[in-house]
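Enquirer: Dropping the structure in here first, questions after.
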Amino acid sequence: MTRTARIVDTDVDGDGEPDVRVCKVTGELFFATSNDLVYQFDYAADPARVVIDLTDSHIWDASTVAAPDGVQAKYERLGKSVEIVGLNRASAERRMSS
């Protein structure tokens with residue numbers, strides 16, 4: 001069994017702005033890691049603006065396409081804005097085709 005599911009990680013970096021949380025996600029995102037991603041955020045405590053940086057990540061399957069959208073929806077229900085950046089071409093195409 002592969003340990004890829006344990007690679008997903010988020011680092012917090014406010015980029016010098018106290019009202020912004022930049023979450024850098026690293027690792028392979030697939031069906032076994034998508035739930036882990038959703039639980040790595042502190043939705044209520046985070047500031048009004050959140051950036052999710054997927055530059056060092058890759059979305060492998062259709063079941064994972066919804067994970068970043070689920071995170072975004074949770075923040076938006078709290079009135080917070082979310083920007084998803086850094087999708088590589090293949091990952092972006094999977095999100096667009098879902």
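Enquirer: Among the residues of segment 76-88, write down those that are under 15 Å from Gly27 (Cβ atoms) and open to solvent by less than 40 Å² (accessible area, probe 1.4 Å).
Expert: The one that is under 15 Å from Gly27 (Cβ atoms) and open to solvent by less than 40 Å² (accessible area, probe 1.4 Å): Gly86.
Enquirer: Against the condition surrounded by 19 or more Cβ atoms within 10 Å (Cβ to Cβ) and part of a helix (DSSP H, G or I), how does Ala73 come out, does it pass?
Expert: Criteria not met by Ala73.
Enquirer: List the number of the failed condition for Thr64; all other conditions in (1) open to solvent by less than 30 Å² (accessible area, probe 1.4 Å); (2) at pLDDT 85 or above hold.
Expert: The failed condition is (2).
Enquirer: Being within 22 Å of Ser81 (Cα to Cα) and of a type outside the set (Val, Ile, Thr) is the filter here; which residues of segment 57-67 pass it?
Expert: Those that are within 22 Å of Ser81 (Cα to Cα) and of a type outside the set (Val, Ile, Thr): Ser57, Ala66, Ala67.
Enquirer: Mind listing just one residue for me: the one in segment 28-49 that is of a type in the set (Gly, Ala, Ser) and loosely packed, with under 13 Cβ neighbours inside 10 Å and, of those, nearest to Val85 (Cα to Cα)?
Expert: That would be Ala48.
Enquirer: Give just the number: which of (1) at pLDDT below 85; (2) under 10 Å from the mean Cα position of the chain (by Cα); (3) outside any helix (DSSP H, G or I) does Ile52 not satisfy?
Expert: (1)
The values are calculated or read from the model by the stated rules, or taken from the named source; none is laboratory data. Since the model is a prediction, treat every value here as computed from it, not as a measurement. Every residue, glycine among them, receives a Cβ derived from its backbone with ideal geometry; neighbour counts consider all protein chains shown. These area figures cover heavy atoms from the full protein model, side chains too; ligands, DNA and RNA do not enter into them. Shrake-Rupley method; radii C 1.70, N 1.55, O 1.52, S 1.80 Å.
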